[in-house]
Amino acid sequence: MSDTSRDSAFNTGTEEGIATAFGMWIFLASEAMMFAGLLLVYTFGRLDHATGFANASSHLDWRLGALNTAILICSSLAIARAEARADRADRRAGVLLAVTCLLGVLFLGIKGYEWAMELREGLAPFAGLAFAYDGPDADGAAFFFRCYFILTGLHAAHMLGGLACIGWLLATWRHRRGRADFHAVRDLALYWHFVDIVWIFLYPLLYLIAPA
Amino acid sequence: MTDAVTGKAPDTGSYLGEKHGPRAWLLSFDHKRIAWLYLLALTAFFFIGGAMAVMMRLELATAEGDLVSDDTYNRLFSIHGIIMIWFFLVPSIPATLGNFLLPLMIGARDLALPRLNLASWYVFMGGSLFTLFAVLMGGVDTGWTFYTPYSSIYSNSYVSAAAFGVFIVGFSSIMTGINFIVTIHRLRATGLTWFRLPIFVWTMYATALVMVLATPVLAASLILIVAERVLGLGVFDPALGGDPLLFQHLFWFYSHPAVYIMILPGMGVVSEILPCFSRQPLFGYKAVALSSMAIAVFGFLVWGHHMFVSGQSAYAGILFSLFSFLVAVPSAIKVFSWSLTLRRGSIRFPTPMLYALTFLFLFTFGGLAGLFLAALVVDVHLHDTYFVVAHFHYIMVGGMVTAFMGGLHFWWPKITGRMYPEFWGRIAAIATFVGFNFTFFPQYILGYLGMPRRYHSYPEEFSFWHVMSSAGAIILAVSYLMPLVYLGLSLVRGRPAPADPWEATGLEWRTSSPPPQENFDETPTVTGPAYDYINPEPEAQDKGAQHEHGQPERSP
């Protein structure tokens, strides 16, 4: 009972932990709806501009996308192991969290490199930039690249949010002792897996459209 | 707890007397104090939005556009809609009464996630003040709906700033929703099964579900507008291969369910008030509880009825029309249940009851008008006319704001520990009913005669109804200003309230008024159903009455 703070409505830290995990699940449902709205825009674009979407997709480097997919899956594995250790109040979970962070940064690095390449090749049809795509259905291809930047941009913003939270967790690591102090690791792992799963959807939708 | 300085009886040992100073209020995790923060902010926004409405009605008192320019008028109705919907109606009952009462009604010390609760208020203030800033800078002229391509390409007002502010406020709504769902699942008192919950809690649950699942789609569509205006990342501009209609789909996917965010809590409030002042259990408790959930679910399937004349597929229109008629069924179930709760009751008419009956009448009236609009063919004539304006004001103002006022008076003794002046309360409630009908009933007629929305001038022949509506608006404005004065005065001058001034059932009445910091001195347990009222004048010989009294015995 020692961990019952006056601010909590729960009698034990365990009960509070169940509640925060449940809250995280509901938040993820909400997040899923946000991506669903944007995927509706994507679906509309792809139905309307099948040729442009397929040809534009082949301008993305599927190998880099595949590498990033693998990196994210590994980061999810790392945070899953961190969660298991944290559940035993094993403070070495911190090492695995740091690994998760590194993999996340690596993902964003590769993503940033891809964006830079696309900007250089003139595949970013917004902010007044020239669109250098010369295949069929240029309007459709431009629509594809707008969807691409919106979806990958929002995904990257979610990655940054996750990284910031893990960073905060590590910064406060030395104050964490009891099992209840580690509930945040589990909640964050849920979030991280969600962001990972979003990418699992984005990768084939954006990188792997069969050429028309 | 050593509070020797406070001599006032009702404050001793209560959450109000616990700690003083701005820090103790602005950084408190106590749901009761956070409810106050919301109440003060929402009151301010309500009167700002109301002032805009009064200015519009003053302009419309004459047929010529003489008081404000057409451009100013566009900004007035846009910001009136934005403030009233996102900064008042959506958070109104959930963030104030819900925040205060939900833990009390289920016998908990606080909401499940108190820090998230406080954070939601700061997010709300951040977003809403940001939008208010956009208004002061020059305003928005798109209407509250931000329709593309006007909002994304043509409008040269502060659309991005306003939309971004609303985007931020959306997250406060999601935070509140998450908190309520977790709280209702995890913190119910021993013995408080789902079918023993007060209907107010059920409606909070349904509202929270809609908040959590619909608001993110609004966030997505608003961020797309901002991206299109600021970055040229256009997905709605036809010149860029996009589709303006896509925005309407995304927008109404949120904004129609949001209508239920704005009425379900009101239904919850009257479901508490009507049984209390007719001394009868709520008729058909289970049906009322489940119909809230049905409204939340069906509410997601009707968004296309805003787009009957936008050029969506006619087949989609038929389905959306059908679902719109279907969503009226659970609402009708509630209206019948409330009416039958009154039947053979020992009815008293204090202020909250007057507001609740006003709700019952106006909501029914507005809901029936909604059926006209849900019919494909009739909507072609009525779309974008004052008929629509009258319809949704009957629901939003006649329904939700009236319920909010009723709830505020009903739980005022619990929240403040003071009684409000009953005489002035009744005057205000009656003035609301009169003023409201004078304002909005003429608008049904105007709309039917063909007066379109959003114009600051009109042909002479509409004058009679417009003048009547403007005159009513003044009465309505006064009826809302009165409570501001007498409720404010009652904070210092009001008679100390007993724990249960209305002899109501429900856990919130089992603790002192105002409640202690921990809500209950002893954690309550529940052994019976909600609304365990006993009518002092039972008519045992009547079969119907026997049936009604049989209800409390029903097992959960």
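Just so you know, all these numbers are worked out from the coordinates, no wet-lab data involved. Remember, predicted model here, so these are calculated numbers, not experimental data. Quick reminder, even Gly has a Cβ in these numbers, built from the backbone with ideal geometry, and neighbours come from all protein chains shown.
Would you work out which of A:Leu67, A:Tyr207, A:Ala130 lies farthest towards the positive end of the dipole of the stretch A:13-207? Charges go on Cβ: Lys and Arg +1, Asp and Glu -1.
Projecting each Cα onto the dipole axis, the largest value belongs to A:Leu67.
Return the sequence-ordered ³J(HN,Hα) values of the stretch A:156-173 in whole Hz as given by the Karplus equation 6.51 cos²θ - 1.76 cosθ + 1.60 applied to θ = phi - 60°, using x for Gly and Pro.
Coupling constants for the stretch A:156-173: 5, 4, 5, 4, 4, x, x, 4, 4, 5, 5, x, 4, 4, 5, 5, 9, 4 Hz.
Give, rounded to the nearest 20 debye, the magnitude of the charge dipole that the stretch B:22-553 has about its Cα centre when Lys and Arg contribute +1 at Cβ and Asp and Glu contribute -1 at Cβ.
Roughly 1120 debye for the stretch B:22-553.
As an exercise, find the ratio Rg/Rh for chain A from alpha-carbon atoms, using the Kirkwood inverse-distance average for Rh.
We get a ratio of 1.08 for chain A.
Quick check on the stretch B:34-157: take the gyration tensor over C-alpha atoms, sort the square-rooted eigenvalues as a ≥ b ≥ c, and tell me if it's rounded (a/c under 1.5), prolate or oblate.
In terms of gyration-tensor shape, prolate.
Hey, got the dipole for the stretch A:73-212? About the Cα centre, +1 on K and R Cβ, -1 on D and E Cβ, debye to the nearest 20?
Value, rounded to 20: 1080 debye.
Work out the charge dipole of chain B with +1 on the Cβ of Lys and Arg and -1 on the Cβ of Asp and Glu about the Cα centre, then indicate which of B:Met175, B:Val54, B:Leu376 is farthest towards its positive end.
So the residue furthest toward the plus end is B:Met175.
Mind listing the phi-derived Karplus ³J(HN,Hα) values for the stretch B:212-222, rounded to whole Hz, using 6.51, -1.76 and 1.60 with θ = phi - 60°, and x for any glycine or proline?
Listing the rounded values in order: 6, 9, 9, 4, x, 6, 4, 4, 4, 6, 5 Hz.
Just from its helices, what would the mean residue ellipticity at 222 nm be for chain B, if runs of 4 or more DSSP H residues each count -39500 (n - 2.57) and the sum is divided by every residue, rounded to the nearest 500 deg cm²/dmol?
After summing the helix terms and dividing by the residues of chain B, the value is -20500 deg cm²/dmol.
Would you tell me the mean number of C-beta atoms belonging to other protein chains that fall within 10 Å of each C-beta in A:28-36, as a whole number?
Mean inter-chain Cβ contacts per residue within 10 Å come to 6.
Relative to the Cα centre, what is the charge dipole magnitude of the protein assembly as shown, using +1 at the beta carbon of each Lys and Arg, -1 at the beta carbon of each Asp and Glu, and rounding to the nearest 20 debye?
With Lys and Arg at +1 and Asp and Glu at -1, about 1840 debye.
Excluding same-chain pairs closer than 8 in sequence, count the lysine pairs in chain B whose Cα atoms lie under 16 Å apart.
Pairs that pass both the separation and distance tests number 5.
For the pair B:Val377 and B:Glu64, what calculated FRET efficiency results from E = 1/(1 + (r/R0)^6), where r is the Cβ-Cβ distance and R0 = 25 Å, to the nearest 0.05?
Computed FRET efficiency for B:Glu64 and B:Val377 comes out at 0.15.
Taking the Cα atoms only, what angle lies between the long axis of helix A:183-207 and the longest principal axis of chain A, rounded to 10 degrees?
Here the helix axis deviates by roughly 10 degrees.
Long-range amide H contacts for B:Thr385: which residues qualify at under 5 Å (H placed 1.01 Å from N, peptide plane, sequence gap of 5 or more or a different chain)?
Close amide H contacts, sequence-distant or interchain: B:Arg453.
Just want the answer: with Cβ charges of +1 for Lys and Arg and -1 for Asp and Glu, which residue in B:Ala287, B:Gly21, B:Ser155 is farthest toward the dipole's positive end in chain B?
B:Gly21
Ignoring everything except DSSP H segments at least 4 long, calculate the 222 nm mean residue ellipticity for chain A; use -39,500 (n - 2.57) per segment, divide by total residues, nearest 500.
That comes out to -26500 deg cm²/dmol.
Over the alpha-carbon set of the stretch B:358-421, work out the extent along each principal axis and list the three values in angstrom, largest first.
Computed over the Cα atoms, the extents are 53, 17, 15 Å.
Would you mind getting me the FRET efficiency between A:Arg91 and B:Glu422? Use the beta-carbon distance for r and R0 = 51 Å, nearest 0.05.
With a Förster radius of 51 Å, E is 0.25.
If you stretched the chain out fully between B:Leu129 and B:Val492, how much longer would it get, using 0.36 nm times the residue separation minus the C-alpha to C-alpha distance?
127.7 nm
Helix A:62-87 against the longest principal axis of chain A: what's the angle in degrees, Cα atoms only, rounded to the nearest 10?
It works out to around 10 degrees.
What Kirkwood radius, in Å to one decimal, follows from the Cα pairs of the protein assembly as shown?
Hydrodynamic radius (Kirkwood, Cα pairs) of the protein assembly as shown is 27.9 Å.
Taking the Cβ of B:Tyr386 as the centre, find all other residues whose Cβ is under 15 Å away and add up their charges (Lys, Arg: +1; Asp, Glu: -1).
Details: positive: B:Arg57, B:Arg453, B:Arg454; negative: B:Glu59, B:Asp379, B:Asp384, B:Glu461.
It works out to a net charge of -1.
Between 0 and 90 degrees, rounded to the nearest ten: what's the tilt of helix B:264-278 against the longest Cα principal axis of chain B?
Relative to chain B, helix B:264-278 is tipped by roughly 40 degrees.
Classify the stretch B:22-553: rounded, prolate or oblate, from the alpha-carbon gyration tensor (a ≥ b ≥ c, eigenvalue square roots; a/c under 1.5 rounded; otherwise prolate if a/b is larger than b/c)?
Judged from the Cα gyration tensor, the stretch B:22-553 comes out prolate (a/c at least 1.5, a/b above b/c).
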